[in-house]
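For reference, the structure discussed in these notes is given below.
The values are calculated or read from the model by the stated rules, or taken from the named source; none is laboratory data. These figures come from a predicted structure and were not determined experimentally. Glycine also receives a Cβ, built like all others from the backbone with ideal geometry; neighbour counts cover every protein chain displayed. Accessible surface areas use protein heavy atoms only, side chains included; no ligands, DNA or RNA. Shrake-Rupley method; radii C 1.70, N 1.55, O 1.52, S 1.80 Å.
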Amino acid sequence: MASSVSSPLVFSVKRCDPEFVRPAKPTPCEVKQLSDIDNQEGLSFQMPITMFFPSNLLMKGKDPVKVIREGLGKALLYYYPFAGRLIEGENRKLEVDCTGEGVLFIEADADTTLENLGDAILPICPCFEELLYDVPGSGEILGSPLI
């Protein structure tokens, strides 16, 4: 009888230094109040998320990091509050200070492919910690990048 024990997935990730992607053009500097729902203390936490996208034949020959960085900068023109920071306003209510500081971006290369990862990237992913990077100082709610 054959054994169906699979070996753990092993790969390494090489990361560049974290950087901020800012809106492609200047955006309004203002403070936006959040709703009462957003201000519930039990909802004040960060949630790590990883998204995977297969390659697109139309993008062949293009640098994916450059495409993502430029696209993100353009998207932040319309969703500029995401480039700001949370602050506490009157009565400890959370507000978004639309500073245009940018969102956190980390370029990384892995010595594997999505095809090699297969179902390993589904929750609960055994390689989650290898795929995500906790940037020192970015774990606080107030004053940290929103994305």
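Given R₀ = 25 Å, FRET efficiency for N91-E30 by Cβ-Cβ distance, to 0.05?
In this case the efficiency is close to 0.80.
For segment 46-85, taking Cα atoms only, what is the radius of gyration to one decimal and the Dmax to the nearest whole Å?
For segment 46-85, the Cα radius of gyration and maximum Cα-Cα distance read 12.9, 37 Å.
Which lysines, on any chain, are close to K14 with Cα under 23 Å apart, when same-chain ones fewer than 8 places away are left out?
Partners found: K60, K62, K66.
If I compute solvent accessible area with a 1.4 Å probe over the protein chains, what percent of it on the chain is carbon and sulfur?
Accessible surface attributable to carbon and sulfur in the chain totals 57 percent.
Return the equivalent ellipsoid semi-axes of the chain as a descending list in whole Å, where each equals the square root of 5 times an eigenvalue of the C-alpha gyration tensor.
Working: eigenvalues 233, 93, 31 Å².
Square roots of five times the eigenvalues give 34, 22, 12 Å.
Can you tell which of F105, F53, F11 shows the greatest fluctuation in a Gaussian network model of the chain with Cα springs below 10 Å?
Taking springs between Cα atoms under 10 Å, the residue moving most is F53.
Roughly how many Å² of K62 are accessible to a 1.4 Å probe, to the nearest 10?
120
Tell me the label-point distance for the pair T50, E19, using the 7 Å Cα-to-Cβ offset, in nm and rounded to one decimal.
2.3
So what is the relative contact order of segment 1-116, in percent, for Cα pairs below 8 Å that sit 6 or more residues apart?
Computed value for segment 1-116: 47 percent relative contact order.
Per residue of the chain, what 222 nm ellipticity follows from adding -39500 (n - 2.57) for every DSSP H run with n ≥ 4, rounded to the nearest 500?
Details: 3 runs with 23 residues, N = 147.
After summing the helix terms and dividing by the residues of the chain, the value is -4000 deg cm²/dmol.
Among all the aspartates and glutamates, which ones have a C-alpha under 15 Å from K25's C-alpha, if same-chain residues fewer than 8 places away are not counted?
Cross-link targets: E70, E101.
Roughly how many Å² is the accessible area per residue of the chain, as a whole number, for a 1.4 Å probe?
77
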